Amino acid sequence: MSFFSVTVQRFIKGQISSFIGSHIIEYPTPVNLSYFWSFGFLAGACLVIQIVSGIFLAMHYTPHVEFAFNSVEHIMRDVNNGWLIRYIHSNGASMFFLIVYCHMFRGLYYGSYMNPRGALWASGVIIFLAMMATAFMGYVLPWGQMSFWGATVITNLFSAIPIVGGFIVEWLWGGFSVDNPTLNRFFSLHYLLPFVIAGLTLLHLSLLHKEGSNNPLGINHKIDTVSFFPYFVIKDTFSLFIFLFIFSIFVFFSPNVLGHPDNYIPANPMVTPAHIVPEWYFLPFYAILRSIPDKLGGVIAMVSAILVLLTLPVINSSDIRSNKFRPFFRVAYWFLCSNFFLLGWLGQKPVESPYVELGMFSTILYFIFFLVLIPSIGVIERRY
């Protein structure tokens, strides 16, 4: 081996050792972090589970309208441990969103969106958007009744966009209806996007390590720190074991409880389901979409319900990070949580009275929290 090769290998090993030492082992971490800070690590674990299980599923899946449904049944019945891989992947999506929702609401409670972590918060919102797109396209792939009609309804929403809406819908469909080109497009993007999410996650982590972690008290994170290893490595590992235990209960004992029974019926363009319901993690935003009578207005409201999160670092008026010291905001926060659960419940209800009226009211309250309460409560708390 040449001197140059030896030098390059030593340099690479040194860089890797330095990276692991500074960003994992010796990384200064606030000493008062609670288990709520383990949700970020668990979200990363969920992403790995989804990518690995998805790769194995793709080996046996056929993205064709004539064979997609049967290929999923083939995975379930004929592939060795195929049922396990499929249930891990399908339930893993729900666990992924559950963990990310907890991670985001924890960040909202402890003011993780405040300066200087605005870019960190924004990168997290972008990851959430990419997750929603990936999950939606993955839901279409089994090509059951709910998959087909969910794809038809959601993609049709783009037609509400003036001028270019029709072209966007035709591009998504690959034609003039949801058919084989649509399924091929969704399969390709569903396979690709998790790797994009992984790249965005690395960016998210680099921004986190640049600004440092927030903490329950919201004080300067450099005041009292300990090394990440072994303290928080053990803490996150313990959280992972608890998560895997709960995850295993769903996979082995209730694998279909979070799905819809209509998706075990092959897609039929001639038969419309009585009630089209997306996956549970879409329900709050689906309720916002349905609460607006106008089609374009509903699309704008649904998209704005996510994009409004990007405005938090700008519209925030408080200098205090943690909710522990913000009594007015704490009341408003739990009000938001209750309203979010209500929107999720309304999203699965029929489009009829009184659910429509309740959806309108809850949608208004949702936007009031972000656009009115967050800017104003900080001013009120400073006065009192």
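Please work out if ASN268 is of a type in the set (S, T, N, Q) and assigned to a helix (DSSP H, G or I). First the steps, then the outcome.
On the way: of a type in the set (S, T, N, Q): yes; assigned to a helix (DSSP H, G or I): no.
No, not satisfied.
Taking helices (runs of 4 or more DSSP H) that do not extend beyond the stretch 1-85, which have at least 3 residues that are farther than 30 Å from GLY174 by Cβ and modelled with pLDDT of 95 or more?
Details: elements: 3-20, 39-58, 68-77.
Passing ranges, in order: 39-58.
Considering only the stretch 308-319, I want to know if a residue exists there that is within 18 Å of the chain's Cα centre (by Cα), surrounded by fewer than 19 Cβ atoms within 10 Å (Cβ to Cβ) and under 30 Å from TRP149 (Cα atoms).
Yes - at least one qualifying residue is present in the stretch 308-319.
Hand me the list of helices (runs of 4 or more DSSP H) wholly inside the stretch 317-384 holding 3 or more residues that are out of contact with any Pro (no Cβ under 7 Å at 6 or more places or on another chain) and under 18 Å from GLY107 (Cβ atoms). Break it down into steps so the answer makes sense when it comes.
Working: elements: 327-347, 355-368, 374-383.
Qualifying helices (runs of 4 or more DSSP H): 327-347, 374-383.
Consider the stretch 205-254. How many of its residues are of a type in the set (Phe, Trp, Tyr) and closer than 25 Å to SER322 by Cα? Can you show your working first?
Restricting attention to the stretch 205-254, the residues satisfying the condition of being of a type in the set (Phe, Trp, Tyr) are 228-229, 231-232, 238, 241, 243, 245, 247, 250, 252-253.
From what's left, closer than 25 Å to SER322 by Cα: 228, 231-232.
Here the count works out to 3.
With respect to GLY174, determine if the residue is modelled with pLDDT of 95 or more and within 30 Å of LEU141 (Cβ to Cβ). It would help to see each step written out before you state the result.
On the way: modelled with pLDDT of 95 or more: no; within 30 Å of LEU141 (Cβ to Cβ): yes.
It is false that GLY174 is modelled with pLDDT of 95 or more and within 30 Å of LEU141 (Cβ to Cβ).
Please go through (1) modelled with pLDDT under 95; (2) closer than 18 Å to VAL314 by Cβ for ALA151 and return the number of the only condition it doesn't satisfy.
ALA151 satisfies all of (1) modelled with pLDDT under 95; (2) closer than 18 Å to VAL314 by Cβ except (2).
Counting only residues that are β-branched (Val, Ile, Thr) and part of a helix (DSSP H, G or I), how many does the stretch 186-237 have? Give the steps one after another, and end with the answer.
Within the stretch 186-237, the subset β-branched (Val, Ile, Thr) is 196-197, 201, 219, 223, 225-226, 233-234, 237.
Then drop every residue that is not part of a helix (DSSP H, G or I), which leaves 196-197, 201, 233-234, 237.
Total meeting the criteria: 6.
For the stretch 206-226, which positions are among the basic types (Lys, Arg) and in contact with a helix residue (DSSP H, G or I) (Cβ under 6 Å, 6 or more places away or on another chain)?
Correct list: empty.
Does the stretch 191-203 hold any residues that are in contact (Cβ under 8 Å) with a residue 60 or more places away in the chain and either closer than 20 Å to SER147 by Cβ or not hydrophobic (A, V, I, L, M, F, W, C) (or both), and which are they?
TYR191, LEU193, PRO194, THR201
Could you figure out which of (1) small (Gly, Ala, Ser); (2) in a loop (DSSP other than H, G, I, E, B); (3) surrounded by 17 or more Cβ atoms within 10 Å (Cβ to Cβ) isn't true of ALA305?
(2)
Could you check the stretch 272-297 and list, in sequence order, the residues that are more than 22 Å from TYR139 (Cα to Cα) and either of a type in the set (Ser, Thr, Tyr) or in a helix (DSSP H, G or I) (or both)?
Filtering the stretch 272-297 for residues more than 22 Å from TYR139 (Cα to Cα) gives 291-297.
Across the stretch 272-297, the qualifying residues are SER291, LYS295, LEU296, GLY297.
Considering only residues that are surrounded by fewer than 21 Cβ atoms within 10 Å (Cβ to Cβ), touching a Phe, Trp or Tyr at 6+ places or on another chain (Cβ under 7 Å) and polar (S, T, N, Q), which ones fall in the stretch 85-118?
If the condition is that a residue be surrounded by fewer than 21 Cβ atoms within 10 Å (Cβ to Cβ), touching a Phe, Trp or Tyr at 6+ places or on another chain (Cβ under 7 Å) and polar (S, T, N, Q), then SER94 is the only one that fits.
Can you name the residue in the stretch 226-249 that is surrounded by 18 or more Cβ atoms within 10 Å (Cβ to Cβ) and more than 30 Å from ILE85 (Cβ to Cβ) and is also nearest to the chain's Cα centre (by Cα) among such residues?
This residue is PHE232.
Here is a yes/no grid of residues against (1) among the β-branched types (Val, Ile, Thr); (2) farther than 13 Å from ALA287 by Cβ:
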| residue | (1), (2) |
| --- | --- |
| PRO313 | no, yes |
| LYS324 | no, yes |
| PHE328 | no, yes |
| PHE335 | no, yes |
| SER338 | no, yes |
| GLY344 | no, no |
| GLU352 | no, yes |
| TYR355 | no, no |
| THR363 | yes, no |
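From the list PRO273, PRO269, which one is buried (at least 16 other Cβ atoms within 10 Å of the Cβ), at pLDDT below 95 and closer than 29 Å to TRP149 by Cβ?
Criteria check complete, one pass: PRO273.
Of the conditions (1) part of a helix (DSSP H, G or I); (2) at pLDDT below 95, ASN115 clears all except one; give me its number.
All conditions are met except number (1).
The values are calculated or read from the model by the stated rules, or taken from the named source; none is laboratory data. All figures in this text were calculated on a predicted structure; none of them were measured in a lab. Because the Cβ atoms are built from the backbone with ideal geometry, glycine has one as well, and the counts that use them run over all protein chains shown.
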